[in-house]
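Structure first, then comments.
The values are calculated or read from the model by the stated rules, or taken from the named source; none is laboratory data. Since the model is a prediction, treat every value here as computed from it, not as a measurement. Using ideal geometry, Cβ is built from the backbone for each residue, glycine included, and neighbour counts are taken over all protein chains shown. Heavy atoms of the whole protein, side chains included, go into the accessibility calculation; ligands, DNA and RNA do not. Shrake-Rupley method; radii C 1.70, N 1.55, O 1.52, S 1.80 Å.
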Amino acid sequence: MGAGVSSDLDAQKGTRNFQLKTGLNDVPESCISSIFMYLDPPEICKLARLNKAFRGASLADFVWETKLPSNYKYLVEKVLGRSPDSLCKKETFARLCSPNRFDGGNKEVWLDKNSGKLCLSVSAKAMKITGIDDRRYWNHIPTEESRVFGPNLEAKGEFGWAVRLPAVSVKIVVAVRLDTVAILFETVAYLQQIWWFEVVGELEFEFPPGSYSVFFRLHLGKPSKRFGRRVCNLDQVHGWNTKPVRFQLSTSTGHQISSECYLYEPGNWVHYHAGDFVIDDSNPTTKIKFSMMQIDCTHTKGGLCVDSVFIYPSEFRQMRF
């Protein structure tokens, strides 16, 4: 009888020891993958470092397909030049999160790594600028200050407020200065002096459904480096406080918006909000046109750098009105 009791106690002790040794390695990959579907990509990548089971679960195609935008096949073909079936979904997401140039290298598209939302930029070289070929007026200057900005458009520094104009019925624009994260294009268009200022850009693209915001990135003054330090020449800055600049945005779906704003804050890059547009499920390809102009020929204007136009999901923009 004593031997029987001892045997039973040993069996229970062994069961308890077995239960205590159960850990994360024993969780089925299918269960982990199901959990990953509700996490953001950076969180998935961090958890994938825990052990082999988590790493295997992080490679599941059905996990990463939920992180990709609905038009990811279009992006893979147009931007990466690959067949969507030639890449696993995780690699597809990783490649699309890096800035990828297209249309001659003057436009870039990338995904926000946290949300998988689509972001685009159009360089000054891809836009029609009045007088751009005349070196008396414009020059393309090399710079390290053409940059991609963080996906969240909430300003970390100061907010710039547009001046409300009397007797103007259009919506007044609000501009925000943002923090930079990476170099984008190698040159910007610099205006020395001109009477008729006009910059026009167009883009035809397949956007995922949602609301998008368009920003012009501008800089009053000519930035450069001297002895390793940033300097800014403001000698040619003039004419922007006489009349406002008009920003316009239109889409092939019939959306149109116009706004006006005085350019301000010399020596700093500023994002000027040109407007928003909405894409629904019935619009596979949308053509958008954006412009800025100051065509009052009673005075000249100059000393302006035009970097690029950014298109972000409107949900990334947090402004205070």
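Here are a few things to note about the model shown:
- Applying the condition of being open to solvent by less than 80 Å² (accessible area, probe 1.4 Å) and of a type in the set (Phe, Trp, Tyr) to the range 20-68 and asking which residue is nearest to LYS117 (Cα to Cα) yields TRP64.
- Members of the range 72-90 that are loosely packed, with under 13 Cβ neighbours inside 10 Å and either closer than 22 Å to MET37 by Cα or in the same structural domain as LEU203 (by the TED database) (or both): ASP85
- Filtering the range 48-102 to residues that are of a type in the set (Val, Ile, Thr) and over 22 Å from LEU184 (Cα atoms) leaves VAL63, THR66.
- Exactly one residue out of THR15, THR66 is modelled with pLDDT of 90 or more and polar (S, T, N, Q), and it is THR66.
- Counting the residues of the range 205-250 that are among the β-branched types (Val, Ile, Thr) and either at pLDDT 95 or above or buried (at least 22 other Cβ atoms within 10 Å of the Cβ) (or both) gives 3.
- Residue satisfying all of: in the range 103-147; open to solvent by 40 Å² or more (accessible area, probe 1.4 Å) and among the hydroxyl-bearing types (Ser, Thr, Tyr); nearest to the chain's Cα centre (by Cα) among these: SER115
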